[in-house]
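Note sheet for the following structure.
The values are calculated or read from the model by the stated rules, or taken from the named source; none is laboratory data. Every value quoted in this text rests on a predicted model; they were computed, and no experiment measured them. Every residue, glycine among them, receives a Cβ derived from its backbone with ideal geometry; neighbour counts consider all protein chains shown.
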Amino acid sequence: MRILIITTEYPPAVGGIGSFAATITRGLKALGDSVEVIATGRREEREPDLSQAKSRLLEKRGFKLLPLTGRSAISCWRQRPDVTIAMTWTHEGIVALILRCTFGIPYVVVAHGSEILRHSQSRPAGALLRLIFRRALFVSANSSYTMRLVQGLKVARQVTVVNPPIDLDQWQTASPHGNEDVNAAFGLNGKTVLFTAGRLVPRKGHLIVIQALARLRERFPDLVFVFTGTGEYQDVLEQEAHKLGVSNALRMLGELSQTTLRSMFWRTDIYVSPTLQIGNDVEGFGIALVEAAVCGKAIIAGRSGGTEDAVVNGETGLLLDIVDVDGITASIALLIYQPELRAKLGTKARKRALQRFGINKQIAAFRLIVCQTLNQAELAQRADSQTT
């Protein structure tokens, strides 16, 4: 197949949607498909599969539509893709709808969760969202939770769950051998490490972990909390750590290279992600939870959004119904006091992640659905033409 992927995020830009787009690209190319990616981003971020579609003058909101539409239209005129994949319903979905109306190219929309909550109740945005979902071949939801959100709109022809896959080969080759490097780089020798990877936003629960850390430090003086990411929320976290007297137990690493990030996952003792829903901001799935699982780590997470797809409570980690300081503190203490339980959860988490979330299995399933729906659409079109 000839496939056009449209996305406003793509590596090396950081973000779950960009990671998902890059993984889909690699997976489909490995299956023999011809894939072109149209993405926004600065020119220095160019990747082999990537066609840039943006100048620095067009970096704000709706202005992204202009370069995305232009570059995508050129691609359709030159190569006539069989299908377009829009990585979200917003900018990408609008462009995909324009391409369908202009060139007759069918499209698939990927749904993530928060964008549906954020826009479905707004009259103009909600109407456009429903139109884009209605015209799509199918909607690919990143979790069972997101699928239920899409089904609640009652407009999509078909909704299918395709959890964001990960490239297991990249994580296998990382292995625990980088532990010495991150120990030396971040002062982790002899430490019990709590780790979180992701954007610094309130719903990720960093603040609650810092508060729990303050309660646990007397019992576990070698306990440290390491997290990646940047953002304005970092100032809030720094102030809270200073107020509670645990600044020396924090390691705020900012953005890391993929190699260092993977080594950090392997080094950690407990992966903590006490996510919670704040307004319309929710964890649609939690790809970092699966990355921690691949590394055999016990996980503590909030039962929020799509995290139940990534973590099985009591089997591969601990899912907390109520995300508060008491719950996080007790869960961390439990896994430190009981290393055998921590190891058991980590072993089962790794086994499940390797069986379920690998790029080959997930992308093959995604591609099969695309082919089936394309065939169904073609048969329906033929039946309509014969009737008329």
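Do we have any residue at all in region 208-216 that's in contact (Cβ under 8 Å) with a residue 12 or more places away in the chain and under 23 Å from Leu168 (Cβ atoms)? The answer is no, given that none of the residues of region 208-216 is in contact (Cβ under 8 Å) with a residue 12 or more places away in the chain and under 23 Å from Leu168 (Cβ atoms). Selection within region 80-118: residues that are among the acidic types (Asp, Glu) and assigned to a helix (DSSP H, G or I). The member of this set that is surrounded by the most Cβ atoms within 10 Å (Cβ to Cβ) is Glu92.
Against the condition under 22 Å from Ile299 (Cβ atoms) and either outside any loop (DSSP other than H, G, I, E, B) or not assigned by TED's automatic domain parsing to the domain that holds Asp324 (or both), how does Leu256 come out, does it pass? Taking the combined requirement at face value, the residue does not satisfy it.
Taken over region 180-232, residues that are in contact with a helix residue (DSSP H, G or I) (Cβ under 6 Å, 6 or more places away or on another chain) and on the phi > 0 side of the Ramachandran plot amount to 1.
For Ala125, the criteria (1) in contact (Cβ under 8 Å) with a residue 24 or more places away in the chain; (2) in a helix (DSSP H, G or I); (3) surrounded by fewer than 23 Cβ atoms within 10 Å (Cβ to Cβ) hold in every case but one, which is (1).
For Asn280, the requirement of being under 17 Å from the mean Cα position of the chain (by Cα) and surrounded by fewer than 18 Cβ atoms within 10 Å (Cβ to Cβ) is met. Listed conditions (1) modelled with pLDDT of 95 or more; (2) aromatic (Phe, Trp, Tyr); (3) assigned by TED's automatic domain parsing to the domain that holds Pro106 are all met by Tyr337, apart from (3).
When Gly306, Gly314 are checked against the criterion of being more than 16 Å from Ala333 (Cα to Cα), small (Gly, Ala, Ser) and either outside the structural domain of Ser122 (by TED's automatic domain parsing) or more than 16 Å from the chain's Cα centre (by Cα) (or both), a single residue qualifies: Gly306. Taken as a whole, the condition of being more than 19 Å from Gly327 (Cα to Cα) and assigned to a strand (DSSP E or B) applies to Arg251. For region 53-69, the criterion of being modelled with pLDDT of 90 or more, assigned to a helix (DSSP H, G or I) and surrounded by fewer than 23 Cβ atoms within 10 Å (Cβ to Cβ) is met by at least one residue. For region 220-246, the set of residues classified as loosely packed, with under 12 Cβ neighbours inside 10 Å and either closer than 21 Å to Asp269 by Cα or touching a His at 6+ places or on another chain (Cβ under 9 Å) (or both) consists of Pro221 only.
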